[in-house]
Amino acid sequence: MVSQKIQQCRACQSKDLVTILDLGETPLANALLNKEQLNEIEFTAPLAVLLCQSCGLSQLSCTIAPEKLFRNYPYFSSFSETMLKHAKDLCLRLIPERQLNKQSFVVEIASNDGYLLKNYNKAGVPTLGVEPALNIAQIARENGIETISEFFNGDLAKDIVDTKGKADIIHAHNVLAHVPDINSILQGIGILLKDEGVAVIEAPYAVTMIDKVEFDTIYHEHVFYFTVTALNNLCQRNDLVLADIEQVELHGGSLRLFISKHGKPSPTVMSMLSDEKARGFDTAKGYETFANQVDSLKSDLVSLLKKLKEADKTIAVYGAAAKGSTLLNFCGLGKEMLDFAVDRSTAKQGLFMPGTKLPIYNPAELINQKPDYVLLLTWNFAEEILRQQAEYIRNGGQFIVPIPKPTILAPATVSV
Ligand SMILES: [Zn+2]
């Protein structure tokens, strides 16, 4: 079955699930269309978030077969300067901190094109990438990063231990939220990690998503929305320790988790747990206002764009990313309001966005076609994108940022 509604929590199997947000029936956010597919009926599935009131884990109401979601994933981390720097800074910090050398071993789950592991390789630290998307794993190998093309779980972890030994560090950035069988990832980490090793996991923080109304980070690939409460329960259930947490700016506000096999949670973890309890995030109570805020954002954005359209303005969108699909499809924005999309990824150019069917061009079209406004869908990379689009802004173009409140950036506030 391609899409299946869950009857119980994916992590703890409780049936005590309540809906906290329903975004309706939408196409898969990363299923970009080619010309031939434009006339075919698009696959859609319900996009709703449920809270497990037993373990505190928020999750989508439907599971989509991973083969449908991930086998040709049109996303290359290396296209974002911000991500590259973020990865490099982390590796350069961990190498001395964990005293890594050519006898050490680092594994990354969902290693993409090798954007992170290459930093270890440069320092002579052996690595292994695990990347299920066949096309992206191939690119990593061509770049000299040893990569296997499999889904990570306990069995694969055992295979890696048998052939290469246990790992000093396991990275898993922006993948934990994507795997419906989440216990299998944590079991695999428990098997693969050395006793004194550490797993460094990055995942978006649900509390930031709620506080900043970042509902567009919800899409079918993204099954889980983590609080520290839920993560701590998840680690304990899998005999791991949520040892420490840092908050990082990436993707609108993420958690960097340090997970170990022994020890106890740091004061930071303990204080985040008690903050979440105080705000009611262990029950449906903490989520009550979220759906209302999402609805007001939608009506504010639609009326702003309507006003511009009535004044005969042209509007393009920047960023053919998953979050853009969620935003456009949930807000019901399409060709009657928007002219075209641009994206820096050459893999996406020439294709069409899911649902809205907006054509995706090279960002150079902002200079050529001079739209009056650009709706910035990839607002999480705003600084970088505004810098790259200095010429468009100098020519009088204006950016609209949709989150947390639809806002036209005044040219004076944009430093270019
Ligand atoms: Zn649960």
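Return the subset of 102/323; 264/405; 88/309; 85/335; 5/298; 88/306 for which the Cα-Cα distance in this structure is over 32 Å, preserving the input order. Table pairs above 32 Å Cα-Cα are 102/323; 264/405; 88/309; 85/335; 88/306. With only Cα atoms counted, the range 286-416 has Rg and Dmax values of 14.2, 47 Å.
Could you provide, to the nearest whole Å², the per residue accessible area of the range 155-288 with probe 1.4 Å? It would help to have the intermediate numbers written out before the result.
Values: 4840 Å² over 134 residues.
Computed with neighbouring chains in place, this is 36 Å² per residue.
If R0 equals 30 Å, the separation of the Cβ atoms of residue 296 and residue 336 corresponds to a calculated FRET efficiency of about 0.85. Compactness of the range 1-57, taken as the C-alpha radius of gyration over 2.2 N^0.38 Å, stands at 1.47. Once the C-beta distance of residue 15 and residue 249 is scaled by a Förster radius of 35 Å, the resulting FRET efficiency is 0.40 to the nearest 0.05. So if the hydrodynamic radius of the range 119-240 is defined as the Kirkwood radius over C-alpha pairs, what does Stokes-Einstein give as its diffusion coefficient at 10 °C and 1.306 mPa s, in µm² per second? Estimated diffusion coefficient is 101 µm²/s. Gap in Å between the Cα centre of the range 312-349 and the Cα centre of the range 1-70? The two parts, judged by their Cα centres, are 22 Å apart.
For the chain, with a Gaussian network of springs between Cα atoms less than 10 Å apart, report the residue from 347, 316, 291 with the top mean-square fluctuation. The residue that fluctuates most here is 347. Estimated at 0.36 nm per residue, the fully extended path between residue 307 and residue 383 surpasses their Cα-Cα distance by 24.7 nm.
For the range 226-321, what does the equivalent ellipsoid look like in terms of its semi-axes, each the square root of 5 times an eigenvalue of the Cα gyration tensor, given largest first in whole Å? Walk me through the numbers before you get to the answer.
Values: eigenvalues 313, 60, 20 Å².
Here the semi-axes work out to 40, 17, 10 Å.
With a Cα-only, solvent-free Debye model of the chain, what are the log10 I(q)/I(0) values at q = 0.07, 0.08, 0.13 Å⁻¹? Log10 I(q)/I(0), no solvent term: -0.33, -0.44, -1.19. For the chain, the Cβ-based charge dipole about the Cα centre amounts to some 280 debye (Lys, Arg positive; Asp, Glu negative; other atoms uncharged).
With a Förster radius of 35 Å applied to the C-beta separation of residue 67 and residue 395, the computed FRET efficiency comes to 0.20.
Here the Gaussian network model covers the chain, with springs between Cα atoms less than 10 Å apart; of 191, 95, 170, 95 fluctuates the most.
Run lengths n ≥ 4 of DSSP H only: what is the helix-derived mean residue ellipticity at 222 nm for the chain, with -39500 (n - 2.57) per run over all residues, to the nearest 500? Don't skip to the end; give the middle numbers.
Numbers: 14 runs with 136 residues, N = 416.
Calculated at 222 nm, the ellipticity per residue is -9500 deg cm²/dmol.
The range 99-145 and the range 275-297 have Cα centres lying 38 Å from one another. Structure remark: mean-square fluctuation, Gaussian network model of the chain, C-alpha springs under 10 Å; the largest value among 17, 328, 92 belongs to 92.
Between the listed residues 140, 18, 397, the Cα displaced farthest toward the positive end of the dipole of the chain, a dipole computed from Cβ unit charges relative to the Cα centre, is found at 397. Between residue 123 and residue 279, the modelled label-to-label distance comes to 3.3 nm, taking each label 7 Å out from Cα in the direction of the beta carbon. When the solvent-accessible area of the range 1-115 is split by element, carbon and sulfur atoms take up 50 percent of it, the probe being 1.4 Å.
Full extension of the chain between residue 38 and residue 271 yields a length gain of 78.8 nm, computed as 0.36 nm times the residue separation minus the alpha carbon distance.
The values are calculated or read from the model by the stated rules, or taken from the named source; none is laboratory data. Worth saying up front: this structure is predicted, and the values here are computed from it rather than measured. Cβ atoms come from the backbone with ideal geometry, glycine included; neighbour counts cover every protein chain shown. What goes into the accessible areas is simple: the full protein's heavy atoms, side chains included, and nothing from ligands, DNA or RNA. Shrake-Rupley method; radii C 1.70, N 1.55, O 1.52, S 1.80 Å.
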